[in-house]
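The values are calculated or read from the model by the stated rules, or taken from the named source; none is laboratory data. Note that this is a predicted model, so its numbers are computed, not measured. Please note: Cβ atoms are built from the backbone with ideal geometry, for glycine as well, and neighbour counts cover all protein chains shown. The accessibility values were calculated without ligands, DNA or RNA, using every heavy atom of the protein model including side chains. Shrake-Rupley method; radii C 1.70, N 1.55, O 1.52, S 1.80 Å.
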Amino acid sequence: MAGSKSPVGISLTTHAYENFQGLDTSRDITSLDTGKDQHLAQVINATADWRGQIVRDPACSYRTGEYPVKHARFFGPGELCWAEMTGSGVTFRSDRGHSLENVHPRSANVSSTVFNQSVILTSRGRAMYRYDGIQFRRNQSPAANTLLPGFSTSIQRRLAVAGIPGRETQVHLSRVDQDEIFPEDEEPDSTNVLRAGFIDVANLLGTADQITGLGSFEQNRLAVFTADRTIIYRIDPDIDRWVIDENANIQIGCASHNTIANAGTDLIFCSRSGIHSIKRSEANGILVFSYSLSDKIDLLYRELFNSVEDPQDISAVFDQDKAEYHVFFPQPGGVLCRRLTLALNPEGGESQPKFSEGDFLNARCGAFLNGQLVYGTTGGVYTVLDVEEETDGAFTPDMTVTTPLLWHGSLSDTKETHSLIVQAAGNGIIEIDAQDLDGRQLGSLRIEVNDNPDDNYFEDVPLSKQYERKWSHRYKAAQYRFRTVGGSGLMRLIGFAITTRK
């Protein structure tokens, strides 16, 4: 009797699917079958890496806390402070055991930056706080306690704040190297070029727009975001040298300050319509412009954006080591959260970004420093491990990958399949099922993947990990779903193929 791996006396055609490109919602699932450079309909708790492999998201180990985390920031290498929602309000905590109870109401949006080796914590209409590793204390500036800004950033040795109630078009910058002296704290007749000052963009906008975020770009550029556009200033310790960057023309705005992140030489942020990046032109080195990164998932992005009660709740973190930008969309109810991940090419170049989703641990925010990524979840803070790392007690996600409808050539002919071949590496179990064009279930398979060197190795196949199973079905088109169960450490789906009878 001939097995699925034995020579057969029938003529077969192999339809291979490889070099996965992540999600694409710009086309219907009926028109995404390309074989090579294959896009997918669903990628959950996994990432399409720069080589085109689907890699299961790394495991996470519990760090600390038990309440939902709204915001997190490293105040030193390996040392974290965060804001969590308790039953009665927002509480500040740190790895050193310091805390400040019920600082803000639960609805407050908290953001932060690092200045003077301290974390500056802000919330619109609420007092500014700073954490220096010893205690959380209120900012001592009388002006700051009047302004009550919503967000801040550090630029050219100054602390810039905005989101000020009643002064929605103003950015106030502190005195050089002093975060507790703002413009209204200065003497009116002071001529010190290091004094505090402010910028008002009201008459530059030409609309009734308001400032929605601040970011630092390159070494001395301050990006002032509104809902519909971005104005960039060149900032200097010398107040007399502040000028608008006339080489920047950015007609796109930011929806949430906490999504602004530095990604190498670029500045990434989320608008109402998608994820954008501000960068300097490589052609002339002068022009600063923005470009969209998320055009191919525009429908998915708008779905996620509209699922959040307040756009200011959306936050993001950039993992510099893996070149991944994670955006968190907390869902109504305060428990569930969806994550969108943008994977860039860590080797540079203009390759297309690849997108995936995640819901593991219901991560709500993140922080990155010195190679360490943490997630703030609905149940405390978790450390994200390396993708290949296996640690006792760590939690490993189960990934789900769903293909679009695969036609294997003709759109009208009925195909008769013979076998299914999966190319994978790692440790775990892959469960495979499929349904046809009408939603009828075709069947399912269960494949155990391990790293034994002699495991399903075929001399005539260039990839060393290949698993072939009998797969006899008839259909015009089918949608396949791959799910991992159990296992830990690295798990990669390299490609798969369907063989059909001619």
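The criterion of at least 1 residues that are touching a residue at least 60 places away in the same chain (Cβ under 8 Å) is met, among strands (runs of 3 or more DSSP E) falling completely within the range 107-169, by 111-115, 118-122, 151-155, 158-162. Screening the candidates Arg27, Arg51, Arg106, Arg63 for the property of being closer than 20 Å to Met128 by Cβ, open to solvent by 40 Å² or more (accessible area, probe 1.4 Å) and of a type in the set (D, E, K, R) yields one hit, Arg106. Within the range 29-66, the set of residues being in contact (Cβ under 8 Å) with a residue 12 or more places away in the chain, more than 29 Å from Gly489 (Cβ to Cβ) and either in a loop (DSSP other than H, G, I, E, B) or in contact with a strand residue (DSSP E or B) (Cβ under 6 Å, 6 or more places away or on another chain) (or both) comprises Leu32, Asp33, Gly35.
Taking the criterion of being closer than 29 Å to Lys279 by Cα, in contact with a Gly (Cβ under 9 Å, 6 or more places away or on another chain) and part of a loop (DSSP other than H, G, I, E, B), the residues of the range 177-235 that qualify are Asp209, Gln210, Ala227, Asp228, Arg229. Selection over the range 14-37 of residues that are among the polar types (S, T, N, Q) and in contact with a helix residue (DSSP H, G or I) (Cβ under 7 Å, 6 or more places away or on another chain) gives a count of 2.
Yes/no matrix, rows are residues, columns are (1) touching a Leu at 6+ places or on another chain (Cβ under 7 Å); (2) farther than 19 Å from Ala127 by Cα; (3) surrounded by 18 or more Cβ atoms within 10 Å (Cβ to Cβ):
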{"site": "Gly150", "(1), (2), (3)": "no, no, yes"}
{"site": "Gly166", "(1), (2), (3)": "no, no, no"}
{"site": "Ser174", "(1), (2), (3)": "yes, no, yes"}
{"site": "Glu184", "(1), (2), (3)": "no, no, no"}
{"site": "Asn192", "(1), (2), (3)": "no, yes, no"}
{"site": "Ile199", "(1), (2), (3)": "no, yes, yes"}
{"site": "Thr207", "(1), (2), (3)": "no, yes, no"}
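Answer yes or no: is there a residue in the range 131-138 that is open to solvent by less than 30 Å² (accessible area, probe 1.4 Å), under 19 Å from Glu84 (Cα atoms) and not aromatic (Phe, Trp, Tyr). Yes - at least one qualifying residue is present in the range 131-138.
Among the residues that make up the range 462-483, is at least one of them of a type in the set (Lys, Arg) and not in a strand (DSSP E or B)? Yes - at least one qualifying residue is present in the range 462-483.
When the residues of the range 261-280 are filtered to those that are over 18 Å from Thr226 (Cβ atoms) and open to solvent by 20 Å² or more (accessible area, probe 1.4 Å), the one that is farthest from the chain's Cα centre (by Cα) is Arg280.
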